[in-house]
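A.B. asks: Below: one structure in structure tokens.
Rule-based calculations on the coordinates, nothing more; no lab input. Fair warning: this is a prediction, and the values are worked out from it, not measured in the lab. A quick note on method: Cβ atoms are made from the backbone with ideal geometry, for glycine too, and the neighbour counts reach across all protein chains shown.
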Amino acid sequence: MKIVLDTNVLVSGLLTPFGSSGEIVRMVSAGILILQFDSRILLEYQEVLYRPKFQFNKEHIDTLLAYVKQNGQVIPASPLKKRLPDPDDEPFLEIAIAGRAACLITGNKSHFPRKSRQGMKILSPSEFIDFYRKYNEDTEHPHSP
């Protein structure tokens, strides 16, 4: 399943590995989820994860980012039809739409107003876990006619 992951979910998953965000980060690391991104998103991941306040091990972050580059999917962005309140959020929605991701996962759903989503599913980490479980149930046990 292809997804776009907002930076806040990545940070949360690394800080609290046993919550929904942590489960999503593990699913990405295990190759269950394919992360879609572009250079702007990768740069934001790097800039935020290197911040001293998080005290992440730089080598671990470098390894994570190398994994994302190697196993993720680089998507060429297309400009949004309607701008978002925070222009820094736009790359995430642009890539989700252009890459036809299953969804964009964010801890800040309010940053992505419905009128700007162009039909893209925007989910919180816990909503995504529920969505993913239901998706797997439906694909493993299709409803009989």
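A.B. asks: So for each of 46-59, 107-120, 88-101 I average, over its residues, the number of other beta carbons within 10 Å; can you give me the resulting order with the highest mean first?
C.D. replies: Working: 46-59: 11.2, 107-120: 13.9, 88-101: 20.9.
Packing proxy ranking, top to bottom: 88-101, 107-120, 46-59.
A.B. asks: Place the peptides 27-35, 5-13 in order of packing, highest mean first, counting for every residue the other Cβ atoms within 10 Å and averaging per peptide.
C.D. replies: Working: 27-35: 16.2, 5-13: 22.2.
So the order, starting with the most tightly packed, is 5-13, 27-35.
A.B. asks: Please list, in chain and number order, the residues 5+ apart from Lys2 or on another chain whose amide H is under 5 Å from its amide H, with Hs placed from the backbone.
C.D. replies: Excluding prolines and chain starts, which carry no amide H, the hits are Ile34, Ala102.
A.B. asks: Could I ask something else about it? Can you match log10 I(q)/I(0) by the Debye sum over Cα atoms at q = 0.09, 0.17, 0.18 Å⁻¹ to one of these, [x] -0.80, -1.09, -1.12; [y] -0.32, -0.99, -1.08; [z] -0.27, -0.95, -1.06, based on a calculation from the structure here?
C.D. replies: The calculated read-out lines up with [z].
A.B. asks: Something else now. Can you list the DSSP H helices in the chain whose Cα atoms extend at least 27 Å along the helix axis and whose mean Kyte-Doolittle hydropathy is -1.0 or higher? Don't skip to the end; give the middle numbers.
C.D. replies: Numbers: long enough: none.
Once both thresholds are applied, nothing remains.
A.B. asks: Still on this structure: How charged is the neighbourhood of Ala96? Take every other residue with its Cβ under 14 Å from the Cβ of Ala96, and add Lys/Arg as +1 and Asp/Glu as -1. Intermediate results must be reported in sequence, preceding the final value.
C.D. replies: Working: positive: Lys2, Arg40, Lys81, Arg100, Lys109, Arg117, Lys121; negative: Asp6, Asp38, Asp89, Glu90, Glu94.
In short, +2.
A.B. asks: In deg cm²/dmol and to the nearest 500, what is the mean residue ellipticity at 222 nm of the chain if only DSSP H runs of at least 4 residues count, each as -39500 (n - 2.57), divided by the residue total?
C.D. replies: On the way: 6 runs with 69 residues, N = 145.
The per-residue figure over the chain is -14500 deg cm²/dmol.
A.B. asks: Also: Taking the Cα centre of the chain as the origin and placing charges on Cβ (Lys, Arg +1; Asp, Glu -1), which of Val48, Gln118, Met27 is farthest toward the positive end of the dipole?
C.D. replies: Gln118
A.B. asks: May I pose another question? Might you report the magnitude of the Cβ-based charge dipole of the range 16-145 about its Cα centre, with Lys and Arg at +1 and Asp and Glu at -1, to the nearest 20 debye? Could the numbers behind the result be given before it?
C.D. replies: Details: 17 positive and 16 negative charges, 84 e Å.
Result for the range 16-145 is approximately 400 debye, rounded to the nearest 20.
A.B. asks: So, one more: Using the structure shown, select from Lys109/Lys134; Lys2/Lys81; Lys2/Lys58; Lys53/Lys134; Lys2/Lys82 the pairs with a Cα to Cα distance greater than 25 angstrom.
C.D. replies: Long pairs (Cα-Cα over 25 Å): Lys2/Lys58; Lys53/Lys134.
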